[in-house]
């Protein structure tokens, strides 16, 4: 199917993000990239976080996302009015709360070096659960490429790149997009399975 689409010029072409949500110009401690020398072989091994903007007639809102890198499943999201740590931290705490207590012993959390992920409250939330901290190199978005890809899919395939009338409309569209992405959209990299199928299958095997 993808070959047919490509040969006929019907593939969706990703647009470059032109509005930056990452402020890495700060004096807070940063952490090395732990993903360079590991193979991601199971769910709940590596979580990745990122922030993107959503347009509305009322102004910009900011969508915080956290995903499981093995399955590409979006585990949590939150739409904020600003770029404070509240959005990313809310998503993180919700996801860690739902994680089995024995599953996070070797869990890695990966992000860029944005101030939200380096601030004291975010780092403390990770350290309290014994989560290892990994960050992209400065100025290298490819170190968080899977999250960039997930955001691209949400925006261009599920139309989160449009201008919404208000925050309520944006939240409804985001919820619908995440549900379809997780439960219905097959991925070539997942052998045409959905993120939910891969995450639940491997998680069940680990629990067994």
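The values are calculated or read from the model by the stated rules, or taken from the named source; none is laboratory data. Predicted, not measured: the structure shown is a model, and the values here were computed from it. Cβ coordinates were reconstructed from backbone atoms using ideal geometry, including for glycine residues, and neighbour counts include every protein chain displayed.
Here are the numbers for this structure:
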quantity: The listed residue being over 14 Å from the mean Cα position of the chain (by Cα), farther than 23 Å from residue 194 by Cα and either at pLDDT 95 or above or crowded, with 22+ Cβ neighbours inside 10 Å (or both), out of 117, 53, 61; calculated: 61
quantity: Conditions (1) closer than 20 Å to residue 58 by Cβ; (2) more than 15 Å from the chain's Cα centre (by Cα); (3) surrounded by 19 or more Cβ atoms within 10 Å (Cβ to Cβ); number of the one not met by residue 198; calculated: (1)
quantity: Filtered residue count, region 34-53, keeping only those that are part of a strand (DSSP E or B) and over 20 Å from residue 115 (Cβ atoms); calculated: 1
